[in-house]
1. Using Cα centres only, tell me the gap between segment 145-180 and segment 318-365 in whole Å.
2. Considering only Phe98, Ser15, Val249, whose Cα is most displaced toward the positive end of the charge dipole of the chain, charges sitting on Cβ of Lys, Arg (+1) and Asp, Glu (-1)?
3. Between segment 67-122 and segment 200-270, how far is it from one alpha carbon centroid to the other, in angstrom?
4. Among Met62, Ala195, Tyr45, whose Cα projects farthest towards the positive end of the dipole of the chain, with charges put on the beta-carbon of Lys, Arg (+1) and Asp, Glu (-1)?
5. Got the relative contact order for segment 140-226 handy, in percent, Cα pairs under 8 Å and 6 or more residues apart?
6. Quick one: what do you get for segment 214-265 if you divide its Cα Rg by 2.2 N^0.38 Å?
7. Note down the relative contact order for segment 154-306 as a percent, whole number, built from C-alpha pairs under 8 angstrom at least six residues apart.
8. So, with +1 on the Cβ of K and R and -1 on the Cβ of D and E, and no other charges, what is the size of the charge dipole of segment 2-131 about its Cα centre, to the nearest 20 debye?
Amino acid sequence: MKVLIVDDERAIRYSLKEILEMENYQVETAENGQEGLQKAEKEKYDVIFCDIKMPQMDGIEMLSRLIEEGIESPVIMVSGHADITTAVECIKKGAFDFIEKPLDLNRILITLKNATDKASLVKETKILKKKIYGREMIGESAQIAHLKEMIAKVAPTQASVLVTGPNGSGKELVAQSLYQMSERSQMPFVEVNCAAIPSELIDSELFGHKKGSFTSAIKDHKGKFEQADGGTIFLDEIGDMSLAAQAKVLRVLQERKLTPVGGDKEITVDVRIIAATNKNLQEEIVKGNFREDLYHRLSVIVLKVPALDDRKEDIPILVNYFSERICAENGRPAREFSPEAVKLLQDRPWPGNIRELRNVVERLLILGGNPVSAQDVKDYVL
């Protein structure tokens, strides 16, 4: 574990350094906020101890700069002029904890342990999120470049987004990218496949239910909207949602309120909605299958995901990406595809889009040679 101590008092710096080195921490020091900030920008520290009263740049300013620059090391503020107001201000600005001078050895070690435990938990959470949401949007075509540009513009806003495109084109990946790049990325991301939930259960799934509201309701159940409170809900295949459920989703969008099945109290929720569909919702409106007012609420921003057949120049990149990923998942060395094999894959139609291509690459890695040849493609795909 690497620790940075920032304090203008030499005696404090070196006594704290000596204590922490005895506990097997690697310790570096800085004598003012400016020097401390420069070190934190160059090195990754597991924890930073920062005095408040310092020349050139005080501790509160240094804390603010660390947060502005995205430096995620937990910061423990230290002061010999402590008061409740200062402590609260530090915590509000993002400090992990606040310690008064004279320093107490036990308090230092306990606070340090808590800070490193939290840092480890945050790191593990990020790794887990990367595994879940870390799939990249692969491609260099003009269509994908435009889509990435739109996602970067839209993600930081609170606008509702409607993602359209054929099955297997990557609508879910667009939704996850919007979430990961949003200000809500530390809050829940709840996915709902509207087509997979029976119509008689969708109210309960989306809005929750109270115990005893129907035969199998043996306890209270939080719906997906309440689970996503403060975060993002992704309503996949929203074109398959019943008109009755659509009316309730519209109410949540308009009033930010819902009522669980069998409940009599309204619940206020703060949720960003991202919806996706492979249907033409304007045609569904004409047919009477989709509410026009809900469509206009959902389609503040519309992002269209191109079919793979419209961006075949991305197929060589995608084949290489899927090959590397599948081999790594199975603990095998990376395999290559011959240029002729890739050309054959580019020339065929892809009605199943990215999902179909991924499955075909996996099939060829299992059944084909090394490298995967044009004959392999002819034998197992065409």
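1. After rounding, the separation between the Cα centres reads 24 Å.
2. Final value for the positive-end residue is Val249.
3. Their Cα centres are 40 Å away from one another.
4. Ala195
5. Values: 60 pairs, mean separation 16.5, N = 87.
The normalised contact order for segment 140-226 reaches 19 percent.
6. Numbers: Rg = 12.1 Å, N = 52, 2.2 N^0.38 = 9.9 Å.
For segment 214-265, the normalised Cα radius of gyration is 1.23.
7. On the way: 294 pairs, mean separation 54.4, N = 153.
Over segment 154-306, the number comes to 36 percent.
8. Numbers: 20 positive and 25 negative charges, 145 e Å.
With Lys and Arg at +1 and Asp and Glu at -1, about 700 debye.
Bear in mind that the values in this text are calculations on the coordinates, not laboratory data. Just so we're clear, the structure is a prediction, and the values are computed from it rather than from any experiment. Note that we place each Cβ from the backbone using ideal geometry, even for glycine, and neighbour counts take in every protein chain shown.
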